[in-house]
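Quick notes on the structure that follows.
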Amino acid sequence: MAVGIRLQNTRCLQRHTCLTLVREEDKLIYSFFNTDKIMDFLLSIGMRPFVELSFMPEALASGTQTVFHYRANVTQPADYRQWATLIRQLASHWIERYGAAEVRQWFFEVWNEPNLSSFWKGSQQDYFRLYRETALALKRVDAAFSVGGPATADNKWSRLFSITAIATACQWISLPPIITRRTPSAKRAPIP
């Protein structure tokens, strides 16, 4: 019996989970083996990835701040050009592996809830730059890719995001259904 779920959120840059990127003697070495296994599985069961490009690989990170037990790095890149190269390498790899027609059906989201200090140590402007660099890197690989954001909690930054120049590459606005503070219109039911 099918339940109708066709998209699965996939964080593709998590430490040790999906992507292997190491710096060896000032050279970056990429491996997409783990990401391939996850994407292969999702596609084999008729689902498509909703690709969340979040958490900074240590080899590109500007700092050491992390979150969660798996120590996901929440800093901006030390070098945005190297970040853009990573995004282009990953997207190009997926086109080579799955074909442009398939990857064009995926949704790409840049980071998750960057307005929460637990998930992003940079400023709002740092995030907007990350978004712009990521979206442009994806569009350089294939202009038909669907890129969205800003994926902020409580619908923060969305208005400013939508009226700035960075939104030109944005095809949709993502708003996680997470309420991070209690307001009269956001009452929570008691947990039984």
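For R132, R81, R48, what ranking results if the residue with the fewest other Cβ atoms within 10 Å of its Cβ goes first?
Listing R132, R81, R48 from fewest to most nearby Cβ atoms yields R81, R48, R132.
Relative to the present Cα-Cα distance, how much length would full extension add between I45 and A144 at 0.36 nm per residue of separation?
That works out to 33.2 nm of additional length.
For the residues D40, D154, what sequence is obtained by ranking on other C-beta atoms within 10 Å, fewest first? If you can, show how the numbers build up before the last one.
Numbers: D40 11, D154 17.
Sorted ascending by nearby Cβ count, the order is D40, D154.
So what are the ³J(HN,Hα) numbers for the range 115-129, from phi and the Karplus equation (6.51, -1.76, 1.60; θ = phi - 60°), rounded to whole Hz, Gly and Pro as x?
7, 9, 4, 5, 10, 7, 8, x, 7, 4, 5, 4, 5, 4, 5
From the backbone phi of the range 87-101, what are the Karplus-calculated ³J(HN,Hα) couplings (6.51 cos²θ - 1.76 cosθ + 1.60, θ = phi - 60°) in whole Hz, Gly and Pro given as x?
Whole-Hz 3J(HN,Hα) from phi for the range 87-101: 5, 5, 4, 5, 5, 5, 4, 5, 5, 5, 7, 10, x, 4, 4.
Amide H to amide H, which residues 5 or more places from E52 or on other chains are under 5 Å from it, using H placed in the peptide plane?
When sequence neighbours closer than 5 places are left aside, the close amide H contacts are T10, R11, C12, E109.
Bear in mind these aren't lab numbers, they're just calculated from the coordinates by the rules spelled out. Keep in mind the model is a prediction, meaning the values are calculated, not measured. Note: ideal-geometry Cβ built from the backbone for every residue, glycine included; neighbour counts use all protein chains shown.
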